[in-house]
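Notes follow once the structure below has been shown.
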Amino acid sequence: MTRRLTFGILTVAMITCLTLIFSTNQTVHAGKKHTHEHTEKDRHHEPDLLHDSMETMGSAFKSIRRQARDNSFDDSTLKQIQRMQTATLIAMHESCDDFANDKQRVIEYRTLMANALKKMLDMELAVLKGNNDDVAQMVRELHAMMKDGHSKFEVDDD
Ligand code: HEM
């Protein structure tokens, strides 16, 4: 009788333990899934257009500047210039939260971006015409414009 009672108590204890372990596991799992869902959501958050466009401009300009070392501009330069122009136009119509309501600042920002875009359009034509020395000069000017824009809008170039 005592044996059966002990066996019964042990069985109940085991079931309780298993239930507890199972439910804790589920909670941990649910927590993980929750975090995972958050991560997925974060990854697919609304794109930060200004940031993304500047990154595209940066990567395109990097390869153009590499070609400018020996003036080896070609069709791939045209592709990179095109990428830059499109990204610049997108970036131009975005604005940082910190100056979105400051009209003078918006004007200053768009003027700098428009000037950079004009330079890129001239660069495209110079590449098409094969005026490589002019292209190299424009690359230098565009680099100075970038530095100026970044310093006026407090962007770290590092
Ligand atoms: C050749 C022209 C330019 C290039 C290649 C360029 C490239 C870049 C790059 C690589 C970044 C860093 C993006 C990152 O955080 O990973 C950046 C950020 C930024 N640039 Fe430019 N930029 C150019 C011109 C300009 C001009 C003319 C302005 C101002 C009118 C400007 C304003 C900014 C701002 C405000 C940011 C911070 C964006 C953010 O991440 O929120 N840029 N740019």
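The values are calculated or read from the model by the stated rules, or taken from the named source; none is laboratory data. Since this is a predicted model, take the numbers as computed values, not measurements. No Cβ is skipped: glycine too gets one built from the backbone with ideal geometry, and neighbour counts run over all protein chains shown.
Among the residues of the range 143-158, those identified as not hydroxyl-bearing (S, T, Y) and not in a loop (DSSP other than H, G, I, E, B) are H143, A144, M145, M146, K147, D148, G149, H150, K152.
Each residue in the range 123-158 was checked for being farther than 19 Å from K79 by Cβ and not acidic (D, E), and 13 pass. For the range 87-105, a tally of residues being surrounded by fewer than 16 Cβ atoms within 10 Å (Cβ to Cβ) and either at pLDDT below 95 or among the polar types (S, T, N, Q) (or both) returns 10.
Per the conditions (1) at pLDDT below 95; (2) under 24 Å from V155 (Cβ atoms); (3) polar (S, T, N, Q), the sole criterion not satisfied by Q82 is (1). Pairing each residue of the range 134-158 that is within 26 Å of Q104 (Cβ to Cβ) with any residue that is part of a loop (DSSP other than H, G, I, E, B) and near the ligand (Cβ under 9 Å from one of its atoms), provided the two are 6+ apart or on different chains, yields C-beta distances under 6 Å for H150/D157.
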